[in-house]
1. Contact list please: Cβ distance under 6 Å, first residue in region 273-291 and touching a residue at least 24 places away in the same chain (Cβ under 8 Å) and aliphatic (A, V, I, L, M), second residue surrounded by fewer than 14 Cβ atoms within 10 Å (Cβ to Cβ) and not in a loop (DSSP other than H, G, I, E, B), pairs at least six apart or on different chains.
2. I'm checking my understanding of the structure. Among residues of region 269-313 that are closer than 20 Å to Val178 by Cβ and polar (S, T, N, Q), which one is surrounded by the most Cβ atoms within 10 Å (Cβ to Cβ)?
3. Checking Glu220 against (1) under 22 Å from Pro90 (Cα atoms); (2) at pLDDT below 95; (3) of a type in the set (Asp, Glu), which test does it fail?
4. Name the single residue that is surrounded by the most Cβ atoms within 10 Å (Cβ to Cβ) among those in region 189-239 being hydroxyl-bearing (Ser, Thr, Tyr) and closer than 17 Å to Phe167 by Cα.
5. Could you identify the single residue in Gly104, Gly86 that is at positive phi and among the small types (Gly, Ala, Ser)?
6. Yes or no: Thr266 among the β-branched types (Val, Ile, Thr), surrounded by fewer than 20 Cβ atoms within 10 Å (Cβ to Cβ), under 20 Å from Phe167 (Cα atoms) and out of contact with any Pro (no Cβ under 8 Å at 6 or more places or on another chain)?
7. Suppose we filter region 296-310 for residues that are farther than 13 Å from Leu23 by Cα and without any contact (Cβ under 8 Å) to a residue 12 or more places away in the chain; how many remain?
8. So which of Thr102, Thr129 ends up being under 20 Å from the mean Cα position of the chain (by Cα), within 24 Å of Leu28 (Cα to Cα), modelled with pLDDT of 95 or more and hydroxyl-bearing (Ser, Thr, Tyr)?
Amino acid sequence: MPQKIIIDTDPGQDDAVAILMALASPELDVLGIVTVGGNVPLPRTTLNARRIRELAGRADVPIHAGCSRPLSRPLVTAEHVHGPTGLDGPHFPDPVLPVGDTHGVDWLVATLKAAAPGSVTVCILGPMTNLAMALVKEPSVAGAIDRVVAMGGAYFEVGNITPAAEFNIYVDPEAAHVVLTSGIPVTLAPLDLTHKILVTKERFGKILAVGNAQSHAVVEMLKFSEQFDLNKYGWGAAPIHDPCVIAHLLRPELFTGRHINVEIETASELTRGMTVADWWRVTKRAPNCLFLKDADVDGFFDLLVDRLGAYSR
């Protein structure tokens, strides 16, 4: 039986790649996509999700717009990385299929209330606002969630938006706190993992060689977004983040980490959004998170190329 998943996202080029991977994978039953304000404001993230759905040819997957801002803070966005559209790089035609009428949080609550206990995995590729709101509004929906797998946080790599914080957690630390203290099993793909998943020239070549519209769009998107990271880090290649969430669902054996306690800093302005990861287990706080750290990088890119190739099969 395919895993039932919900994708909660703020596309973003790497979000788009993750969505394309998921929609090409028969092992995953994508119940729907919920958008959130994050990399760019909500109208843009919702438009971008619609564009990727049409690129994937998956008219059957509903999209619902969720929260436009964090629980208690102004929205911080990242056009400086993703461009003003959030999907700069390729040219996308205007999407035809509409977004759903139901607010994303209400759709989450209704979908989870109708699901069997422990039957749905929630994949979060942006700020955790939507799921946090759903849990506050209707705590019982936690029972339907098998686990949350999210891209977010950092420990050894510290921050990418501030010296202490990774962007997705920084945007809405209160939401991340709600999710990580909910009792739902959480897996985090932090910068400590994703900064090892580098898209080298050779890997770009393998993606391009797939030769379909989806692979060409992926190359054009990542070629745009890599410019910021190449300038920032001075590496010979840029990391790719959100697809690690989908890859972990499909091939968990590609990844290693530790089951540890992770807390979110919400009070300090200096370290707002920091994921305080007890990697060395120096406290007695109960583990609440599988914190991924390493991966079979070649295996990851083999999987990505295979899934992009599925659009031609």
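1. Leu290/His259
2. Thr275
3. (2)
4. Our first condition is that a residue be hydroxyl-bearing (Ser, Thr, Tyr); within region 189-239, this holds for 194, 200, 215, 225, 233.
Those still in the list that are closer than 17 Å to Phe167 by Cα too: 194, 225, 233.
Values: Thr194: 25, Ser225: 27, Tyr233: 14.
Here the answer is Ser225.
5. Working: Gly104 fails: at positive phi.
From the options Gly104, Gly86, the qualifying one is Gly86.
6. Numbers: among the β-branched types (Val, Ile, Thr): yes; surrounded by fewer than 20 Cβ atoms within 10 Å (Cβ to Cβ): yes; under 20 Å from Phe167 (Cα atoms): yes; out of contact with any Pro (no Cβ under 8 Å at 6 or more places or on another chain): no.
For Thr266, the condition - among the β-branched types (Val, Ile, Thr), surrounded by fewer than 20 Cβ atoms within 10 Å (Cβ to Cβ), under 20 Å from Phe167 (Cα atoms) and out of contact with any Pro (no Cβ under 8 Å at 6 or more places or on another chain) - is not met.
7. Residues of region 296-310 farther than 13 Å from Leu23 by Cα: 296-303, 305.
Checking the rest, the ones that are also without any contact (Cβ under 8 Å) to a residue 12 or more places away in the chain come to 298, 302.
Result for region 296-310: 2.
8. On the way: Thr102 fails: under 20 Å from the mean Cα position of the chain (by Cα).
Of Thr102, Thr129, the one residue that is under 20 Å from the mean Cα position of the chain (by Cα), within 24 Å of Leu28 (Cα to Cα), modelled with pLDDT of 95 or more and hydroxyl-bearing (Ser, Thr, Tyr) is Thr129.
The values are calculated or read from the model by the stated rules, or taken from the named source; none is laboratory data. Small disclaimer: the values here were computed from a predicted structure and weren't measured. Cβ: placed from backbone, ideal geometry, glycine included. Neighbour counts: every protein chain shown.
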